[in-house]
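The values are calculated or read from the model by the stated rules, or taken from the named source; none is laboratory data. Remember, predicted model here, so these are calculated numbers, not experimental data. Using ideal geometry, Cβ is built from the backbone for each residue, glycine included, and neighbour counts are taken over all protein chains shown.
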Amino acid sequence: MLACTLLPPHAPARGVTGRDVVLVAVLLVAQTALALTLPPEDGRTPDPLGWLLLTAMALVLLFRRRAPWLTTVVVIALDGPYHALDNAHTAAVPAGLIALFTLAVAGPPGRTFGTLACLLTIMSTVMVGAGSVRDLTEMLRGSGWLVAVVLVGEALRIHRNYVAAIVERAERAERTREQAVRTREEEAARRVAEERLRIARDLHDLLAHSITLIGVQTSVAAHVLVADPDRLDRDAVAKSLDGIADTCRDARAELRTTLEVLRAGEHGEHANGGGPPPGLSGVPDLVRAARGAGARVELAVRLGEYAETDPDTGTAQAPPPAVGAAVYRIVQEALTNAVRHAGPTVGVRVTVRRTRHDPPSPTGDGVRRDAVLLTVADDGAPGTPPEAAPADAPAGFGIVGMRERARSVGGTLDAGPRADGPGFTVTAVLPLSAPLPERTLPDRAAHTTTKGSP
């Protein structure tokens, strides 16, 4: 208990603590006992001034935590006249040792050893001046105690600093680990949110397109059945029902592919079946499905312009798969919107061509980059004036999804009413960041223009 009371805290305290009060009380009792019981050879019993100096030395130690060096100096200053009056010398030793020990533990080493050197110099000067062998012996013994107390205090200070450094490193490492865990959790949450958004876009594009076509074809079949039952056009009904069946099969196959890709991604594997996700080569299938619903769709794919060539084959390189997938989904959503809002017989022109990216690339080198320019323009519902759909009309989820698709590959997308007449236009610019291995389009899609029949 007394050892713990002697130890000062790692940092100076604001005021007097309970341990300081206990220490001073014990010290006063010890000083009184020593002063009254020591033999006459150690000095006479203190007079009132001696008791005052002895008590002051003990009371000053109440402030050793706040100002260890100043406390030591005051104790030494009180100790001088106390010994000069030949009071019981040993009774004053504990206060000086405690003050010096506190300074060694809590104070800077330079100040501690400087104070010790000054104290030893003063003691040597006084004792040598006295000239007696007994005084020299007492000086050596007292000097040994002072040096021992300072060395013990310094060792304790070094040990404390070492332990504090270990604790600080451990706490810093723990904070670093916690920060790393939080960072990983935030990254995982961000990826989950992005994956959910991607899945929502895929399902929206797939289901909205398929359900819209099924709805249109069902309406056509119902109209044929109700319009003139006496002269039922069985071929038209069969064509509509076949179109519904084809659309359902295509939707089921694409949904299966999407789910297989999601499951494979969840386990870090590749999908075993169903083929790759739809890309640029699937655009003609979208056009064919829209035509089956009654839309008049023209498709033009021209990707040879400005195209870089493969150094091995010398052929034009196809856009990266990510760009092809973005083209597919944007065309899918644009055709769905056209059929939904303008009717099943809407006329649509889809153009996919390679161009130079304008404005120039942000690298500031003035070089225009290759890009895919996608345009989907419809002629609007019959009898709809150009101003029927205001330019500031809010965009639905489909347009937002198309913009996100374009942004995911570094491109841009604009959607709005046509300036040259009724209808709606979707224009996307999708930059080609880097050439990838060649993926050729089917012959029916490359360098051809296919006219749709009304």
Residue that is under 19 Å from Ala117 (Cα atoms) and either outside the structural domain of Glu41 (by TED's automatic domain parsing) or not polar (S, T, N, Q) (or both), where the choices are Val181, Val167, Val147: Val147
Right, Arg444: under 25 Å from Ala322 (Cα atoms), part of a strand (DSSP E or B) and modelled with pLDDT under 90 or not? no
Please state which one of Leu2, Leu52 is modelled with pLDDT of 85 or more and either over 24 Å from Val150 (Cβ atoms) or hydrophobic (A, V, I, L, M, F, W, C) (or both). Leu52
Show me the helices (runs of 4 or more DSSP H) entirely contained within region 63-141 in which 1 or more residues are within 29 Å of Thr37 (Cβ to Cβ) and at pLDDT below 80. 68-84, 109-130
Restricted to region 420-441, and to residues that are assigned to a loop (DSSP other than H, G, I, E, B) and modelled with pLDDT of 85 or more, which residue is farthest from Val323 (Cα to Cα)? Pro422
Note: among Ala180, Ala193, Ala189, Ala221, just one is touching a helix residue (DSSP H, G or I) at 6+ places or on another chain (Cβ under 8 Å), small (Gly, Ala, Ser) and modelled with pLDDT of 70 or more, namely Ala221
Give me the pairs: first residue in region 198-225 and within 17 Å of Val297 (Cβ to Cβ), second residue at pLDDT 70 or above and exposed (fewer than 14 other Cβ atoms within 10 Å of the Cβ), beta-carbon distance under 8 Å, and six or more apart or on different chains, which are they? Ser210/Cys248
